Amino acid sequence: MTPASDAVDPAPVLVLDHLTRRYGSLTAVDDVALRLPPGARHAVIGPNGAGKTTLLNLIAGTDRPDRGTIALNGADVTRASTAKRSRLGIARSFQQPSVIGELTVLDNIVLAGWAHHPKRRGAWRSPSRYRLHTESAGRHLETVGLAHLAHRPASELSHGQRRMLDLAAALAGDPRLLLLDEPAAGLTDGDIGRLLDILGALPESVAVVLVEHHVEVVAQVATSVTVLAAGRVLVTGPTGEALAHPEVRDAYQNTAPVSGEAPDLVTGSAPDPVTRSPEARG
């Protein structure tokens with residue numbers, strides 16, 4: 001039996017190295033490094049304008065870095081297209097739910113999962129193959145509680161329902177890495193409870209990177225947290241320790257807190273084992 005001390009850490013699912021993105025004189029993401037193991041549940045938080053969504057855009061491929069690299073399961077995807085990253089297992093939801101209102105709820109999911117389905121070729125011309133797509137899409141709708149609305153136009157959904165549809169679309173590709181950009185924004189308490197149930201039931205093979213302001217979502221979903229301030233990593237560590245760190249409180253000090261934002265959670269002092277950037281160390 002191999003001693004625990006000799007155990008080899010699993011290969012990371014995501015590695016960011018010196019990731020930087022500038023817009024003219026503004027550096028939105030500044031020398032960010034991150035290493036996530038398979039099955040990670042990681043949150044990225046910070047004040048408004050900290051660079052959180054830009055970081056997700058860089059990972060997903062909708063934006064390109066000026067410097068640094070992105071590796072997914074050991075493969076360099078820094079210059080890969082969004083479509084290729086999707087095929088390799090990256091999926092995301094958006095701050096504004098991305099749904100096609102003219103299609104039914106079911107067909108939104110069929111379309112989202114189309115490129116990832118093993119029976120996609122010729123499916124429009126084959127009723128049996130198309131049925132496989134709709135059955136798979138139906139299971140995702142059941143997961144997010146929208147199965148009863150499958151044949152309604154997506155344009156008729158409420159904001160919360162659109163958010164759930166956006167999440168189902170992201171899950172339709174059976175991702176290895178799921179990027180969630182404020183999935184709880186605008187949800188009722190009941191919808192947030194359903195969201196937590198969905199995220200809690202995700203298989204361990206799926207790593208999650210979550211940008212979120214709601215404390216209860218971060219605390220219940222994430223096992224580790226990165227705090228960004230002005231595009232730079234201020235603190236990375238276990239959720240409770242990172243959120244309690246004094247420098248995290250300082251980062252929010254001049255930010256008007258919104259109900260449920262991190263300033264309400266950041267209390268007390270942090271134990272020592274929190275990884276900090278060189279700049280944060282002073």
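The values are calculated or read from the model by the stated rules, or taken from the named source; none is laboratory data. For clarity, every value in this text was computed on a predicted model and none was experimentally measured. Neighbour counts are summed over all protein chains in view; Cβ atoms, including those assigned to glycine, are modelled from backbone coordinates with ideal geometry.
The sole residue among Ala28, Ala40, Ala33, Ala71 that is on the phi < 0 side of the Ramachandran plot, in contact with a helix residue (DSSP H, G or I) (Cβ under 9 Å, 6 or more places away or on another chain) and either in the same structural domain as Thr223 (by TED's automatic domain parsing) or not aliphatic (A, V, I, L, M) (or both) is Ala28.
Go through the range 219-235 and give me each residue that's of a type outside the set (A, V, I, L, M, F, W, C), closer than 18 Å to Gly49 by Cα and in a strand (DSSP E or B).
Thr226, Arg232
Scanning the range 43-62 for residues that are closer than 19 Å to Gly74 by Cα, in contact with a helix residue (DSSP H, G or I) (Cβ under 9 Å, 6 or more places away or on another chain) and among the aliphatic types (A, V, I, L, M) turns up Ile59, Ala60.
Only one entry in Arg152, Arg249, Arg194 is more than 23 Å from Leu56 (Cβ to Cβ), of a type outside the set (A, V, I, L, M), assigned by TED's automatic domain parsing to the domain that holds Thr53 and touching a helix residue (DSSP H, G or I) at 6+ places or on another chain (Cβ under 9 Å), namely Arg249.
Per-residue answers, yes or no, for (1) within 14 Å of the chain's Cα centre (by Cα); (2) among the small types (Gly, Ala, Ser); (3) crowded, with 16+ Cβ neighbours inside 10 Å:
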| site | (1), (2), (3) |
| --- | --- |
| Asp30 | no, no, yes |
| Leu36 | yes, no, yes |
| Gly39 | yes, yes, yes |
| Ala43 | yes, yes, yes |
| Pro47 | no, no, yes |
| Ala50 | no, yes, yes |
| Asn57 | yes, no, yes |
| Pro65 | no, no, yes |
| Ala75 | no, yes, no |
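Restricting attention to the range 206-220, the residues being farther than 11 Å from Glu182 by Cα, modelled with pLDDT under 95 and in contact with a strand residue (DSSP E or B) (Cβ under 7 Å, 6 or more places away or on another chain) number 1.
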